[in-house]
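Encoded as structure tokens, the structure appears first; notes follow it.
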Amino acid sequence: MEENCCTPKPQLTDRPLLDLDYAEGLSETFKILSNGTRLRILHAVIRTPNISVTGLAEQLEMKPQAISNQLQRLDDKGIVRSSREGNFIRYRVVDPCVTSLLHQGWCLTEDLPK
């Protein structure tokens, strides 16, 4: 079983009601994550931290340019970060909450009636 490794935060019931600006920001985060290709990329990066675009393209059987475009969106939102290693740019998930969220989403999807 995967442990929750997010930075401790107040429970939802203990937080003030979402204001409109924060709700819009949260909505943008979910929009970024609501793309099947980006979810596959995130899963591959979680499984193989510090993977290169080439490595992702091979695993996902996609063109490197398509992978790079999606990684840029994830990077812009602060979900992944890159580091240069020689000629390779390697990616890793920045916030462990993303890993937990993907895990929870997967569990919810598996538990849906078929």
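The values are calculated or read from the model by the stated rules, or taken from the named source; none is laboratory data. Please read these numbers as outputs of a predicted model, since none were measured by experiment. Backbone-built Cβ (ideal geometry, glycine too); neighbour counts: all protein chains shown. Calculation scope for accessible area: heavy atoms of the full protein, side chains included, ligands and nucleic acids excluded. Shrake-Rupley method; radii C 1.70, N 1.55, O 1.52, S 1.80 Å.
Relative to the longest principal axis of the Cα atoms of the chain, the long axis of helix 20-33 lies at roughly 40 degrees. Determine the alpha carbon to alpha carbon distance for each of LYS9/LYS114; LYS9/LYS31; LYS31/LYS114; LYS9/LYS77 and list only those over 28 Å. LYS9/LYS114, as the Cα separations exceed 28 Å there.
Remind me, relative contact order of the chain in percent, using alpha carbon pairs under 8 angstrom and six or more residues apart?
Relative contact order comes out at 29 percent.
The angle between the Cα long axis of helix 96-110 and the longest principal axis of the Cα atoms of the chain comes to about 80 degrees, rounded to the nearest 10. Surface analysis of the chain yields an accessible area of 74 Å² per residue, using protein heavy atoms and a 1.4 Å probe.
I want the local charge near ASN50. Using Cβ-Cβ distances under 14 Å, sum +1 for each Lys or Arg and -1 for each Asp or Glu among the other residues.
Values: positive: ARG47, ARG81, ARG84, ARG90, ARG92; negative: GLU85.
Here the count lands on +4.
Volume per residue of the convex hull around the Cα atoms, evaluated for the chain, comes out as 143 Å³.
Rounded to the nearest percent, how much of the accessible area of region 1-97 (1.4 Å probe, protein heavy atoms only) is carbon and sulfur?
Working: 3560 of 7020 Å².
That share works out to 51 percent.
The long axis of helix 36-47 is offset from the longest Cα principal axis of the chain by roughly 80 degrees.
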